[in-house]
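Here, each number is a calculation from the coordinates, and none is a lab measurement. As the structure is a prediction and not an experimental result, all values here were calculated from the model. Heads up, the Cβs are rebuilt from the backbone with ideal geometry, glycines too, and the neighbour counts pull from every protein chain shown.
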DNA sequence: CTGAAAGCGCTAACAG
DNA sequence: CTGTTAGCGCTTTCAG
């Protein structure tokens, strides 16, 4: 009973060897009992009891690093988010976490600011997790992703279409959302409809919000007017200045706007109010995401609702599939969206519109 | 040159042995070059070059699990949050991350729902990280925390006073905040001031928002009326029903409320509006947190601003100090707050009030 | 049904 | 200035 290497505070996390000693069995047996697959019963009931009791008495938990090293598997998934200040990801993370847990994986969130270029990637490269789900424009577009994938890390991209077809992507149908939102405004009689958006990406492939916006305009016989597209920063403040700029646009003024996301839309609503415009009487707004906050704005925000739970769950499932396949099988999923009609467009009272 | 164990896709993450072979040196040398402390130069410039070149050529990144196992240190800090749907923590996390990075640590976020009882704690117990910063009522109060600390994990509690004096705590001065908010309302002439709050915790130790609320009332010679304290759920919807209940209270009606946090306050503002009350003319509201969203509500929300960046940075510093000391030194920090006057109380235009 | 031995990839002692 | 050796804690053959 050599009790070596004590910590500064006198204790030391118990190891499987400690458990083995206490239960008077081998480490192998401890491992077998504690990780025993249901099927294979190579352990007697009596031994099993002893081991379990010993483990419980010591409060034993397997050392994560040792196990990961040995198994070349961490059972850990990282969700890479650009920021935590948009509650959009809350539901996504919860659902991903739940789906992962069912399969024996844990989910952890790594905030990596857009443009930081995966500076934290020593962790990712170093196989600190088995796979990553990546969100955020730049992060998703990063060429480093395919390097990570080549290193054996499973990669899935969330809410963006990856430029790289070899990388899995789970997103909602942004184009359909843009179309739905814009069509809604058209149906309410608007003919000068603006679009407030985050910086436009060059790699537009006909799959983004603005494409749906343009399609709805075209279908209604309305010309696309670049002067009505305002690019701004992705924040509430950005939404406010976006609205401001839209109002200041030359030519016939806009009477409505389809806004990139609810975060921006909250800012836009505030600025419209400050400028003395009454929404929806003087101006209509549609957001995107279907955030809870939209139920509490003045007026409540009509928005394209995205199935965040399904998105998160699916992302986890796809990723785990790839991890367990051992090879990078790319899957692409595009989930449908629906219009969540609240009060910011007028015309109808809260309730679901006809499809 | 035995190239063994290829992955399904034919590649394999390079190891330090691979680098050593390529550079024609020993693994030790590779390790020394790549982790070399600035001071100790036991490596010739030439060798260093060779190693660095080889590592670069292979795209070598040290294996996290192996390194952690060997060093008994992960250089990883987990921030345990109850949910991601309150943007409050965004700044906290960013600041913590920055402070940690300066010291060579990475920060990861683990969402653990309140009441889940650290179910994910196999990771925490298993030494998957060196320390944790815990937020959320129940999580902070969990007795498991001291177990984790006993296991050698550094623990710091955020924004709550830990019931356990042996655990570090970094929070803002909630009592002062409650006092500041309530005094502001008193100064504006309100005499029936309600308080909408999340469930009250038994362990009230004179340090929470409500204590400051009561102190300000007392100082103004106003009686504390339990009928004006409404307990509700921690969400925007909860804030709405809280406001509702406050309006329905019997006795002389409230004309103002100090609300637990901005999330709740957003909901409260919305419900007041729906009920036809004009804020601040008919009712005044003060929130807590100083979130960005408060700048975009109708009217903009006056709130007790909390130094979230400092909080996060300090938490990381305290934790890292504890990690590197090797023993659980408890530190308690309570940061000051200030009133952020916007429009939801009237009386003065946006701008800082006199202290 | 159980144990002994090997080794995951890395770094820290200790020799030279 | 560099290499050899050992071992972190675990799981996994392989023998019994």
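Give me B:306, B:90, B:162 sorted ascending by neighbouring Cβ count inside 10 Å, so fewest comes first.
B:90, B:162, B:306
Can you give the mean number of other chain Cβ atoms that lie within 10 Å of the Cβ atoms in peptide A:87-99?
Taking all residues of A:87-99 together, the mean is 3.
Counting pairs of alpha carbon atoms under 8 Å apart in space and at least six apart in sequence, what relative contact order in percent does segment B:46-170 give?
This gives 22 percent for segment B:46-170.
Please report the antiparallel percentage of the DSSP beta bridges confined to the protein assembly as shown, to the nearest 5.
10 percent
Looking at segment A:174-307, I'd like the Rg to Rh ratio, where Rg is from alpha-carbon atoms and Rh is Kirkwood's inverse mean 1/r.
Checking Rg against Rh, the ratio lands at 0.92.
Would you please give the FRET efficiency between residue A:113 and residue A:187, computed as 1/(1 + (r/R0)^6) with r the Cβ-Cβ distance and R0 = 56 Å, to the nearest 0.05?
With a Förster radius of 56 Å, E is 0.90.
Quick one: if the Förster radius is 22 Å, what FRET efficiency do residue A:98 and residue A:72 give, using the C-beta to C-beta distance and rounding to 0.05?
0.30
How big is D, in µm² s⁻¹, for segment B:47-123 by Stokes-Einstein at 20 °C and 1.002 mPa s if Rh is the Kirkwood radius over C-alpha pairs?
Roughly 140 µm²/s, to the nearest whole number.
Using helices alone, I'd like the mean residue ellipticity at 222 nm for the protein assembly as shown: each DSSP H run of four-plus residues gives -39500 (n - 2.57), total over residue count, nearest 500.
Using -39500 (n - 2.57) per qualifying helix, the result is -11500 deg cm²/dmol.
Taking the 0 to 90 degree range and rounding to the nearest ten, how far is the long axis of helix A:174-187 tilted relative to the main principal axis of chain A, both from C-alpha atoms?
Its long axis makes an angle of about 30 degrees.
Using only Cα atoms, find the angle between the long axis of helix B:236-247 and the longest principal axis of chain B, and express it within 0 to 90 degrees, rounded to the nearest 10.
20 degrees
With both partners inside segment B:258-355, how many of the DSSP beta bridges are antiparallel, as a percent to the nearest 5?
40 percent
Roughly what % of DSSP beta bridges within chain B run antiparallel, to the nearest 5?
10 percent
Work out the P(r) tail for chain B: percent of alpha carbon pairs separated by more than 34 Å, whole number.
In whole percent, the long-distance tail amounts to 41.
When B:213, B:88, A:260 are ordered from fewest to most other Cβ atoms inside 10 Å of their Cβ, what list results?
Least crowded to most crowded, the residues run B:88, B:213, A:260.
Could you run the Debye sum over the Cα atoms of segment B:111-176, one equal point scatterer each and no solvent, and tell me log10 of I(q)/I(0) at q = 0.17, 0.20, 0.22 Å⁻¹, two decimals?
-0.54, -0.74, -0.89
Choose one answer from A:54, A:106, A:330: the residue with the largest mean-square fluctuation in a GNM of chain A with alpha-carbon springs under 10 Å.
Of A:54, A:106, A:330, the Gaussian network model singles out A:54 as fluctuating most.
Please arrange B:224, B:296 by how many other C-beta atoms lie within 10 Å of their C-beta, fewest to most.
So the residues, fewest neighbours to most, are B:224, B:296.
Between copies, how far does the label point of residue B:200 sit from its twins, in nm, shortest first, when each point is 7 Å from Cα along Cα→Cβ?
5.7
Let me have the relative contact order for segment B:179-266, percent, based on Cα pairs under 8 Å that are six or more residues apart.
42 percent
Counting just the Cα atoms, what span does the protein assembly as shown cover along each of its three principal axes? Round to the nearest Å and put the largest first.
75, 67, 57
With an 8 Å Cα cut-off and a minimum separation of 6 or more residues, compute the relative contact order for segment A:282-323 in percent.
34 percent
Note down the Stokes-Einstein diffusion coefficient of segment A:247-351 in µm²/s, whole number, using a Kirkwood radius over alpha carbon pairs, 37 °C, and 0.692 mPa s.
This corresponds to a translational diffusion coefficient of 210 µm²/s.
Between 0 and 90 degrees, rounded to the nearest ten: what's the tilt of helix B:209-219 against the longest Cα principal axis of chain B?
The angle comes out at about 30 degrees.
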